[in-house]
1. Would you pull out the residues with amide H under 5 Å of B:LYS28's amide H, same chain only if 5 or more places away, H placed 1.01 Å from N?
2. Please report, as a whole percent, how much of the solvent-accessible surface of the protein assembly as shown comes from carbon and sulfur atoms (probe radius 1.4 Å).
3. Using a 1.4 angstrom probe with every protein chain in place, what is the largest-first accessible-area order of A:SER57, B:SER352, A:SER37?
4. Given H placed on each backbone N at 1.01 Å, which residues far from A:PHE317 in sequence or on other chains put an amide H within less than 5 Å of it?
5. Which parts of segment B:205-224, residue by residue, lose 40 Å² or more of accessible area when the rest of the protein chains are there, as against the chain isolated (1.4 Å probe)?
6. For the full complex of protein chains and a 1.4 angstrom probe, list B:LYS273, B:LYS379, A:LYS222 by accessible area with the highest value first.
7. Any idea what the B:LEU230 label distances to the other copies are, label 7 Å down the Cα→Cβ vector, nm, shortest first?
8. At a cut-off of 20 Å², which residues of segment B:329-358 become less accessible once all protein chains are present than in their chain alone, using a 1.4 Å probe?
Protein chains: 2
Amino acid sequence: MTLIAPHGGTLVNRMASRAIDEVSVLRKIQVDEIALSDIRQIGMGAFSPLTGFMEESDYREVVERMRLVSGLLWSLPVVLPVSQDIASRTELGERLVLCDQHGVAHAVLTVNSIYRPNLHTDVSLIYGTNDMDHPGVNVTLHRGDIYLGGPVTVIPNPGADPFSEYAHTPEEARSYFEQRGWKTIVGFQTRNPIHRAHEYIQKCALETVDGLYIHPLVGPTKDDDVPAELRMRAYHAVIHHYYPQGRVLLGAYTAAMRYAGPREAILHALVRKNFGCTHFIVGRDHAGVGNYYGTYDAQHIFQSFTAEEIGIIPLFFEHAFYCTSCAGMATTKTCPHGEQSRVILSGTKVRSMLVQGMAPPPEFSRPEVVSVLMEFYEKFAAQV
Amino acid sequence: MTLIAPHGGTLVNRMASRAIDEVSVLRKIQVDEIALSDIRQIGMGAFSPLTGFMEESDYREVVERMRLVSGLLWSLPVVLPVSQDIASRTELGERLVLCDQHGVAHAVLTVNSIYRPNLHTDVSLIYGTNDMDHPGVNVTLHRGDIYLGGPVTVIPNPGADPFSEYAHTPEEARSYFEQRGWKTIVGFQTRNPIHRAHEYIQKCALETVDGLYIHPLVGPTKDDDVPAELRMRAYHAVIHHYYPQGRVLLGAYTAAMRYAGPREAILHALVRKNFGCTHFIVGRDHAGVGNYYGTYDAQHIFQSFTAEEIGIIPLFFEHAFYCTSCAGMATTKTCPHGEQSRVILSGTKVRSMLVQGMAPPPEFSRPEVVSVLMEFYEKFAAQV
């Protein structure tokens with residue numbers, strides 16, 4: 001193994017290697033989509049070194065100091081909230097089966113910790129705000145008041161993973177990189193469709209490393225984000241037409257979006273280290289939402305930690321645009337020309353063009369991406 | 001000082017702070033243009049930790065192991081060759097005044113070492129060939145058979161430096177970077193005019209650091225390289241029109257070109273570390289000439305040393321070109337399209353177009369650069 005070490009040194013694997021006989025006799029509880037996506041990450045080691053949902057001691061350290069009890073950097077809670085009712089019927093040491101809404105078992109949790117977070121103060125520490133309009137705050141305050149913590153054993157559910165063709169485990173991604181002989185790999189996180197600005201940033205980064213891992217988040221997002229299925233199709237189209245096949249791998253990051261800005265940027269970087277990436281792209285407003293975070297907060301937070309404890313190298317980028325005077329893609333760091341030379345469209349403007357059946361210019365978006373998006377927005381327009 | 005440490009830890013300054021009275025009474029010897037350019041580098045600390053011309057022990061270690069006697073990485077000899085005649089009249093411990101062809105004194109050398117290199121075997125170690133057609137080999141075999149080594153004290157010659165406006169000392173460059181608040185700076189070495197390919201690579205690198213130090217070599221080169229004065233004008237024009245003023249500094253690296261390929265790439269990187277750069281661009285065929293080096297030799301050599309002993313981070317790039325299918329600049333790492341989409345012109349082709357008064361296309365070269373080059377080649381064509 002010549003690739004970068006996973007966070008904490010060892011790649012976790014919590015997948016059950018065979019059927020768990022006890023499942024039929026243990027008590028079952030239903031968990032939400034976010035918990036299910038966390039179970040996936042824990043099972044495959046994407047959240048290494050986490051082996052389960054956080055116990056109280058780790059939770060408090062993470063919320064207050066962005067570290068696990070071991071001292072290892074970790075920026076966001078990974079917790080299992082339950083109702084008062086369920087909590088009152090659960091005993092320490094008990095083993096519970098975690099099921100989806102259809103009653104399908106996804107994991108067995110050994111309950112080592114039952115605790116009540118200080119939710120209203122904790123959300124401010126985690127998200128930097130307690131505004132209920134913040135989608136992360138809102139979800140956190142509504143998921144449940146009591147947390148169960150402890151290790152999980154994950155039950156394989158072939159076919160249950162969204163985008164299973166692309167939903168590599170860290171081990172699979174690492175194996176792919178090794179087979180290709182890539183030593184340096186840059187990871188790219190997004191929850192948005194790919195426009196030329198993203199392509200430019202990815203390719204800038206790719207120029208100085210061996211390979212690019214495009215790893216869009218396809219787990220639970222807020223309702224007005226573009227659906228993952230559509231984004232994956234757009235990514236597939238643009239990679240097919242504009243990327244050398246030997247230099248890029250498209251994956252699907254099945255975790256939930258937290259919208260926690262700076263803290264989530266750190267999480268996104270650590271997770272990509274687990275997937276074998278040596279570099280990670282951090283744009284402006286990474287993992288942000290609304291105006292809750294400063295434009296560069298998600299970049300500056302990396303300076304709170306040493307390069308060694310982060311391990312993966314963050315690459316910070318500005319917003320990119322096509323400049324007619326440069327006759328190429330650029331950012332404010334590399335282009336001296338004014339606004340009048342720059343092809344910049346807001347997300348709102350692009351959506352309104354697409355709903356009206358108008359294609360954004362090729363300087364903004366590849367025609368192959370536009371046609372995928374238009375197909376979607378046509379339906380959307382018809383429904384409205 | 002928050003900037004990167006110079007090579008070996010301390011920035012050397014061998015400039016005499018006041019007039020050296022002895023100069024009038026010491027014996028004078030004339031040295032060549034390469035020695036004069038080396039004296040400049042030693043004086044200002046560009047060659048830190050070197051404090052003079054290499055003594056025999058350092059020379060042998062560098063030739064055979066790319067290290068100084070101290071163990072510190074150093075890839076190319078910096079030596080003062082003299083004739084048999086001069087050597088026979090020189091004594092160990094003697095102080096000599098080193099003069100240019102006009103008799104102007106540039107430095108005082110304390111002769112600690114007089115030695116005869118194994119020139120014919122050493123050139124093979126240094127350049128990887130003993131072919132007399134290699135310009136570095138040729139110069140090395142003709143400069144002199146006996147080397148004088150020892151520390152130098154450099155006599156300031158205001159106005160004697162070529163491109164004095166741009167010929168920053170490492171201290172001046174570092175001070176500029178600090179004033180700008182740049183923490184990460186990428187250095188770019190070239191001995192060629194700037195075309196869009198170079199601009200693309202520089203800007204790719206700039207996207208992820210704070211500043212760009214364009215540092216063309218303006219010291220002695222072979223006769224058929226484009227004259228430094230012309231290259232500096234072209235750089236000035238392109239920076240003025242296409243680079244944000246707050247992100248780029250144009251300097252002039254007054255050292256001589258060695259054409260030593262991989263070994264010179266290491267030297268170029270270490271020198272830029274002394275100038276305060278944290279990153280250094282290494283292209284294909286860096287510092288190469290003819291077909292003496294493999295395309296990637298100058299990139300691969302960096303893997304012979306640890307990241308710590310190199311200190312500066314090398315950024316390896318492929319050749320760049322405009323691709324009509326991508327509608328932008330790219331390299332084979334980032335563009336999947338075929339030759340038919342790529343605007344690629346050989347140096348020979350470009351020169352022949354310019355001599356005939358034809359402008360290379362804007363996808364290849366900025367019009368502002370073309371007009372500088374055409375002015376030169378017109379004269380050249382008229383002379384032919």
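The values are calculated or read from the model by the stated rules, or taken from the named source; none is laboratory data. As the structure is a computational prediction, the values presented were derived from the model and not from experiment. Using ideal geometry, Cβ is built from the backbone for each residue, glycine included, and neighbour counts are taken over all protein chains shown. Protein only, heavy atoms only, side chains kept; ligands, DNA and RNA dropped before computing areas. Shrake-Rupley method; radii C 1.70, N 1.55, O 1.52, S 1.80 Å.
1. B:VAL97
2. Here carbon and sulfur together make up 51 percent of the probe-accessible area.
3. On the way: A:SER57 70, B:SER352 45, A:SER37 0 Å².
From most accessible down to least: A:SER57, B:SER352, A:SER37.
4. Excluding prolines and chain starts, which carry no amide H, the hits are A:VAL282, A:GLY283, A:ARG284.
5. Those are B:GLU207, B:THR208, which lose 40 Å² or more relative to the chain on its own.
6. Details: B:LYS273 15, B:LYS379 125, A:LYS222 50 Å².
Listed by decreasing accessible area, they come as B:LYS379, A:LYS222, B:LYS273.
7. 5.5
8. For segment B:329-358, once contacts with the other chains are taken into account, B:LYS333, B:THR334, B:PRO336, B:HIS337 lose 20 Å² or more.
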